Amino acid sequence: MASTLEKFIHSLDPRALPRVLQIQSGIYFQGSIYEMFGNECCLSTGEVIKVIGFKINKLIASICENNEVSQFSAKVELPLNFPGLYKVVADKTPYVSIEEITRKVSIGPTRFGHPCFYSPEDIKLANITIKHGEQITFNSVEEVNGTMTVNCGVVRNNQSHSFTLPFSQEGKFYECEDDQIYTLKEIAEWKIPKCRNRIVKLSNTLHTWDSSNLLPENFDGCLILTPVYEVQAVMKFRKDIVHILSDLDVEVKDITDCYDISSFLQPFSLEDVFERTSKEFPMVAEIMEGPSGSQKPYNLLYTGKEIIIYKKYQATRVLASEIRSDSPKRHFLIPMSYKGKFKRRPREFPTAYDLEIARSEKEQLHVVATKAFDSPHKELFSVSVGDQFLVQQCQTSEVLYEGRKKLIDVLACEQILSDTYKKVLLPMYMEGGFVEVIHDKKQYQLSEICKEFRLPFNVKVSVRDLSVEEDVLAAVPGLQFEEEITDSYLLISSASSPVESWEIPVYRLNMSVHLLSKDAQTVVPPVTKTTVEEISEEQYYMVRRYENQTLHPPPRPPKKPT
C-alpha cells in the first residue's frame, strides 16, 4: 500500500531499518532530478531505494493555543540551532502499552533518554506494586530470557527501587510533567515521539530580537513542533549515500519483504566496522560518504577513495580544555605520542576541599587566598585576601556549636608569615578562593605529567610539537588537562599509496564505507601519524559521559541563629 514519504518516515521504527522502497509517483520541476546537500539524484516512478537511516533535519513550528494550532498562526521553519531554551509540555494522549512507548519514545544512556510516565491504575508486579500516579522512570531496554523488557525505577522516601516491565504490559501510560529545559536540538534528538507532534514552551526570552527573527517580538507562549526528517538512502547504481527530505512530494511503497536487499551496496558506519572481529582485519573499503573538515586526515577521506583498515583498538587520550574566563572554550583530545613540552600554570581552587583533592606526596601545595573567609568558630582560622598557606593534611577537629561540641573535617595548613610559620585549621566546607604558587620551572612531556601529577592540571605549551606542520596547542595561552580517557580507533591508510597511516576516532567521525572483496596490498601498517583532535562542545560532553565519581565537599553546618 502506497503512502507519502513523509507519512512513511514518521511512522517508521528505526529498529526496522533498512527498508526497500519503490517510488510510486511524484511531482517535480524539470523532470525528476532532486538535489540536496550537493547530491543530485533521479527519483523516477518505479525507482527502488534502500533507506538506511533518518534524523530530524528541521522543525515546522506553529503557535499553539489550548493545545491546538492557532487559526491565526503561520507555519515557520526553525533550524535545530534556533536560539532559546524550551520546556516540554506533557502529552495528554496516553500510550496503550510499554511496547508502544519503546517504539515511539527515545530511551537511551544519556540523561535525555530517561523519559517518565505514570499510570492512572495500580500495576502489580511480582516484587513491587506501582501505585497509580507514581512517576516511573524508563532507563533502558533489554532482553531477559527471550522477553523484551524495559528497566524502570521509582523513587520512594529518597530511595530508588528498580524493576522491569515487559513490552506486553498494557494499560494507559501518560507522560509526566518535565521541569527540565532543553535546546531545540536536544528536543529534536530526544523529546519528539514518533507519529506525534510536540508542544514546547519558550523558557527564556531570546537574547536579541530583530525583524529577521522567525517568532513574534516578546513571544513567550507555546509552539507545536512537527519534525521534517533527512532520509539517508542508497540507490541501485550509485556508490554514494543520497539525502532526501521527508516532506518531498513523493509516494512510496515498502517492498522489503519481496526484494533482494543484498543487490544494494551495503554501507557500514565506523561503528559497524569496529564491531567486526579482529580476525577480519586488515580490510579494503571504499568511502561512500566522507567526513567534513580540512584537517589531515579528514581532507583525504573523500567519496570514492579506497582505504585499507588495518586494525581496531583502544587508545588513551588526555582531555584538555582552554583556560579562559569567558566562553566558548576550545576542547582537545591529545594523544600520548604528542612531542611538545609543557610548563605548569597556577591552578585555582574554590574551596578548602579542592585543596585536599589536589594535595600530593610529591610536593607541598603552596597557595594564596584570593577571597576572604570569616570563620564561625573560634577554633578555626579566618582567612584574609593575600594570606599564604602550605597545605598539610585532612583531619578532624572539635568545635563548639550552639553550646555543644561537634567533630568536623578540617584542613591543616601552615600560614606563611614574614619570618615564621603558623599552624592553622581551615574548615573543609570553606567557600573561599585560592591560587597556586608555582616554584617548578621544569618542562614536562605529556606522559610525565600524567604519571607524576593528579589531574586536573594547568599547563601551557613551552616547546611546540615539531613533528607536525601546525601545532594547534601552541597558540592556546593556557590548557587544563582534565582527565585521561580511553577511546576507540581504527588505523587506516590510502589503498593506492600507503605511505603513512592515521588513527581515526570511531564515535566522532561521520563516515560510511562499503567493504571491497579484495586483499590489502600491505598487511603491516606504515608509520602511524597521530594528531591532536579539536572537538566540539557537544562532543566534549559526550566524551565526559563517564565523569569521575569524586566525593562532593562536606555540607556546611547550619548558620547560628541571629
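The values are calculated or read from the model by the stated rules, or taken from the named source; none is laboratory data. All values reported here derive from a predicted model rather than from experimental measurement. When we count neighbours, we look across all protein chains shown, and the Cβ atoms used for this are built from the backbone with ideal geometry, even at glycine. Heads up: the accessible areas ignore ligands, DNA and RNA and are worked out on the full protein's heavy atoms, side chains in. Shrake-Rupley method; radii C 1.70, N 1.55, O 1.52, S 1.80 Å.
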Within the stretch 414-458, restricting to residues that are within 35 Å of the chain's Cα centre (by Cα) and among the hydroxyl-bearing types (Ser, Thr, Tyr), the one that is surrounded by the most Cβ atoms within 10 Å (Cβ to Cβ) is 444
Given the conditions (1) surrounded by fewer than 17 Cβ atoms within 10 Å (Cβ to Cβ); (2) touching a strand residue (DSSP E or B) at 6+ places or on another chain (Cβ under 7 Å), every one holds for residue 461 apart from (1)
Taking the stretch 177-195 and keeping only residues that are among the basic types (Lys, Arg) and surrounded by fewer than 19 Cβ atoms within 10 Å (Cβ to Cβ), one is left with 185, 194
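Every residue, every condition in (1) assigned to a loop (DSSP other than H, G, I, E, B); (2) more than 30 Å from residue 221 (Cα to Cα), yes or no:
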site	(1), (2)
77	no, no
90	yes, no
107	yes, no
112	no, no
121	yes, yes
| field | So residue 146, is it under 17 Å from residue 92 (Cβ atoms), among the small types (Gly, Ala, Ser), open to solvent by 20 Å² or more (accessible area, probe 1.4 Å) and over 28 Å from the mean Cα position of the chain (by Cα) | value | no
Among residues of the stretch 327-370 being among the β-branched types (Val, Ile, Thr) and not in a strand (DSSP E or B), the residue farthest from residue 428 (Cα to Cα) is 370
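Quick one: is residue 409 touching a residue at least 60 places away in the same chain (Cβ under 8 Å), open to solvent by 20 Å² or more (accessible area, probe 1.4 Å) and not in a loop (DSSP other than H, G, I, E, B)?
Values: touching a residue at least 60 places away in the same chain (Cβ under 8 Å): yes; open to solvent by 20 Å² or more (accessible area, probe 1.4 Å): yes; not in a loop (DSSP other than H, G, I, E, B): yes.
So residue 409 passes the test.
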- Message: When you check residue 289 against the structure, is it acidic (Asp, Glu), surrounded by 15 or more Cβ atoms within 10 Å (Cβ to Cβ) and either outside the structural domain of residue 448 (by the TED database) or within 27 Å of residue 457 (Cα to Cα) (or both), yes or no?
- Response: no
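Quick one: which of 488, 494 is closer than 14 Å to residue 300 by Cβ, hydroxyl-bearing (Ser, Thr, Tyr), at pLDDT 85 or above and within 32 Å of the chain's Cα centre (by Cα)? Full working, then the answer.
Numbers: 488 fails: closer than 14 Å to residue 300 by Cβ.
The match here is 494.
Considering the stretch 505-528 alone, what residues qualify as being of a type in the set (Lys, Arg) and at pLDDT below 85? Don't jump to the end; show me each part of the working.
Of the stretch 505-528, the ones of a type in the set (Lys, Arg) are 508, 518.
Of everything in the stretch 505-528, just one residue is of a type in the set (Lys, Arg) and at pLDDT below 85, namely 518.
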When every residue in the stretch 173-211 that is in a strand (DSSP E or B) and among the hydrophobic types (A, V, I, L, M, F, W, C) is compared, the one modelled with the lowest pLDDT is 202
For the stretch 248-270 the number of residues that are open to solvent by 70 Å² or more (accessible area, probe 1.4 Å), touching a residue at least 24 places away in the same chain (Cβ under 8 Å) and acidic (Asp, Glu) is 2
Counting only residues in the stretch 316-353 that are farther than 24 Å from residue 537 by Cβ and among the charged types (D, E, K, R), the one least open to solvent (accessible area, probe 1.4 Å) is identified as 344
Exactly one of 441, 460 is in contact (Cβ under 8 Å) with a residue 24 or more places away in the chain, within 21 Å of residue 324 (Cα to Cα) and among the charged types (D, E, K, R), and that one is 460
Handout entry: Residue check, residue 448 over 16 Å from residue 333 (Cα atoms), part of a helix (DSSP H, G or I) and not assigned by the TED database to the domain that holds residue 393
Key = yes
Scanning the stretch 498-547 residue by residue, those free of Cβ contacts under 8 Å to residues at least 60 places away in the same chain and of a type in the set (Lys, Arg) turn out to be 508
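Report yes if residue 357 is within 23 Å of residue 477 (Cβ to Cβ) and not basic (Lys, Arg), otherwise no. Steps first, please.
On the way: within 23 Å of residue 477 (Cβ to Cβ): no; not basic (Lys, Arg): yes.
So residue 357 does not fit the description; no.
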When (1) at pLDDT 90 or above; (2) closer than 30 Å to residue 482 by Cα; (3) under 23 Å from the mean Cα position of the chain (by Cα) are applied to residue 336, the one that fails is (3)
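Scanning the stretch 101-135 for residues that are of a type in the set (Asp, Glu) and touching a residue at least 12 places away in the same chain (Cβ under 8 Å), which turns out nearest to residue 152 (Cα to Cα)? Explain how you work it out, then say what you get.
At the first step, the residues of the stretch 101-135 found to be of a type in the set (Asp, Glu) are 121-122, 134.
Subset that is touching a residue at least 12 places away in the same chain (Cβ under 8 Å): 121, 134.
Working: 121: 17, 134: 12 Å.
The qualifying residue nearest to residue 152 (Cα to Cα) is 134.
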